[in-house]
Structures are given as C-alpha cells and as structure tokens.
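Read the figures in this text as sums done on the coordinates, not as results from a lab. Predicted model only: the values in this text are computed from it and were never measured. Every residue, glycine as well, gets a Cβ built from its backbone with ideal geometry; the counts of neighbours run over all protein chains shown.
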Amino acid sequence: MNKIDLSQCLALMVLAACAVPALAEAPSTALPAAALESFRPQDPAWAARLVPDDTQATCIRSRNLPEGEEAAALLKRETDSVRFPADGKLLGDWRRGEAIAQNGRGLQHSDAPDTVVGGNCYACHQIAPNEIGYGTIGPSLLGYGRLRGQGEFIQRYTWTKIYNAQAYVPCSIMPRFGTQGILGEQDIADLMALLLDPDSPVNAEPAAETSNDSADR
C-alpha cells in the first residue's frame, strides 16, 4: 500500500474544504427546482406544503437557532395560532388516541388524498408500556399524567404542545399538528386523553420489581 505524506494530506483537506459551501452563508429558503420536480403531480393543497411559511423560512434562514426579535416574533406568531375547544373539553377517548398515535399514514407523498391521517407519535416517543417499537428523538411520555397530574395548567400546556410545539420551542422538530391542520380538534383531544386519563395504560402504575434476593427465599 502506498503511503501518503503530510503534504498530500494537507492538499486533500484544502480541496475538500473548497468543495463544501461555507456554513456561515445563510441557506436559501426556496426549495430548489430539482426537488420540486422530483414529486409526482399532486393536488394544489398538497403542493402548497412545499412553500415554506414565515416560521419555516425563519428556521431555515437561522439554521433552527433564531435569536432576539426574530425568535420573539416566531413565538408570538405560533402562540397566537393555538385554538382551544369552544366547549372547554380537552380530554377525549384514550383508546382513539392510541390508534392515532400508532398511525403513521397520511400527508405523505405516496398517500392517497383520502388517507386517514395519524400522529405517528411512536416514531419519536415511548408512550404506552406494551408498545416496544418506539423512537427516542423525543422524551419518553410513559407515565405522563401519573407524574404530572391532570390539572387545568397541565391540560392547557399539553394541548398547546400538541397543537403547536413552536409556541414553546422555536423551530422544534415536532409537527405543528393543530396549526397546520394535520390533526383535528377531536384527534388532539383523544391524544390528550391517552397522555392524561388515569385509565389510560400510559398512566398505569409500574409493576413492582422483585429482587433476586427475595425470589430466592
């Protein structure tokens, strides 16, 4: 095997650095034409999703780290978008909520327009204890209501977090389920019940562990 001397290594490093765009350069908020053309024809409503809104443009431009007035404007805009049920009922059916959390279909490029949209919550979170297939991008939600309670504050906090996570965290990677119309009001209420209802498996008391010592007695 031929040996590469130090000067050759330095030359390769310089060439590689020249080939990579400077990170300091602000990225474009416009989707390249090649990316747009790669999608098969869709209805206008779906195609409109390829155009960044003000918040997405801010996150692209700031590389998900907006500061100062820009961050404040983003938080206000997203907070103002949150809507609560007119009847004040924030908890639905946890069983329907589990089905929504398990469903990862809908609004994907390959989905038919009439596909039932799910939350795909398990892709990022541990939720119910009997589901062993879950992602870890987001925090575990196991025991969510049991650990936090079901009071008005935590209900409104949780509703807002599901409806639009960017009302709390600018450029959060969690979808803005309510603001962007991904999930309806009843869907969000059902997910709320999954997390907060005392009867939900999410809030079941963990089984007591038996130590090896006691098992041997």
Check your understanding: By how many nm would the segment from Glu37 to Glu131 lengthen if fully extended, with 0.36 nm per residue of separation less the alpha-carbon distance?
Key -> 30.0 nm
Check your understanding: Along its principal axes, what span do the Cα atoms of the range 51-139 show, with the longest given first and each in whole Å?
Key -> 44, 35, 31
Practice item. Estimate the FRET efficiency between Glu70 and Arg105 by the formula 1/(1 + (r/R0)^6), using the beta-carbon distance for r and 35 Å for R0, to the nearest 0.05. Key: 0.50
**Study point:** Cα-based equivalent ellipsoid, the range 100-163: semi-axes from gyration tensor eigenvalues, Å
**Key:** 25, 16, 9
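Using the alpha carbon gyration tensor of the range 78-203, what are the three equivalent-ellipsoid semi-axes (square root of 5 times each eigenvalue), largest first, in whole Å? Don't skip to the end; give the middle numbers.
Details: eigenvalues 79, 67, 42 Å².
Three semi-axes, in Å: 20, 18, 14.
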